[in-house]
Every structure is written in C-alpha cells, then in structure tokens.
Amino acid sequence: MIYELRQYTVAAGRMEECQTLFQDVIDPLFKEVGIRPVGYWQPRERDGQTFIYLLAFESVASREAVWPRFIQHPRWQEAKSRFPDGVPPYEKVAATVLDPMSYSPLP
C-alpha cells in the first residue's frame with residue numbers, strides 16, 4: 001500500500017466552491033475509478049486557503065493506472081469546463097507519494 005498526500009492552496013474566497021467540487025464530483029469519481037480516499041482535512045486554525053487530503057493505492061502501478069482514468073473521465077472534464085473563466089478554485093497543488101514505514105499503523 002502506498003499513500004499520496006495532497007495539499008491545495010485554495011484561491012481567496014473560493015474554499016466553499018472547492019469543498020463542493022470535492023464533495024459532489026471528485027470524491028465520488030475517485031471511488032468510481034479506483035482511487036481510495038483516506039480522508040480530507042483543513043487545518044484546525046483555518047486560514048481559508050489550505051485543504052489537505054490523503055489517498056491510498058495498492059501499489060505504484062495502480063496509482064499510475066488510475067490517475068489517467070480520473071483525468072480523462074468525462075465527468076471530470078465537464079466539471080473543469082464549469083470553472084469560472086477556466087480557473088480552478090485552487091492555485092497550487094503539492095503532492096507527495098508516501099511509502100509507510102514497517103512499524104506504521106495503517107488504516
């Protein structure tokens with residue numbers, strides 16, 4: 001099992017739009033194409049611009065196989081076409097693929 005930690009910097013004033021996008025489109029689509037969300041978070045001291053989530057994959061190969069299915073999926077393409085002026089609600093995405101340590105308690 002590998003994990004991918006993703007941290008988004010959301011454009012000012014667009015956090016609600018980002019949350020709706022994830023809840024209504026991205027999360028269900030992740031599950032449909034085989035991406036397993038572990039959880040979604042905001043910092044306790046909310047700055048209105050930080051959104052973090054963790055994904056689980058069976059292997060590096062499975063991760064590499066499912067991301068293109070998500071990116072190319074018609075529902076994702078349609079959702080992207082609705083971004084105001086073609087601009088997503090997030091400005092920056094930092095993704096880190098994580099290998100668990102042998103002693104890590106895993107979900």
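The values are calculated or read from the model by the stated rules, or taken from the named source; none is laboratory data. Everything numeric here is computed off the predicted structure, so don't read it as measured data. Here the Cβ positions follow ideal geometry from the backbone for every residue, glycine too, while neighbour counts run over all protein chains shown.
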Return yes when residue 22 is surrounded by 15 or more Cβ atoms within 10 Å (Cβ to Cβ), hydrophobic (A, V, I, L, M, F, W, C), in contact (Cβ under 8 Å) with a residue 12 or more places away in the chain and within 18 Å of residue 90 (Cα to Cα) and no when it is not. yes
In contact (Cβ under 8 Å) with a residue 40 or more places away in the chain and small (Gly, Ala, Ser) - does that describe any residue in segment 62-70? no
If you go through segment 8-19 one residue at a time, how many are out of contact with any Pro (no Cβ under 7 Å at 6 or more places or on another chain) and surrounded by fewer than 17 Cβ atoms within 10 Å (Cβ to Cβ)? 5
Return a yes/no flag: does segment 80-100 have any residue that is charged (D, E, K, R), in a loop (DSSP other than H, G, I, E, B) and surrounded by 13 or more Cβ atoms within 10 Å (Cβ to Cβ). no
Could you grab me the full set of residues in segment 32-59 that are loosely packed, with under 13 Cβ neighbours inside 10 Å, modelled with pLDDT of 95 or more and within 17 Å of residue 1 (Cβ to Cβ)? 39
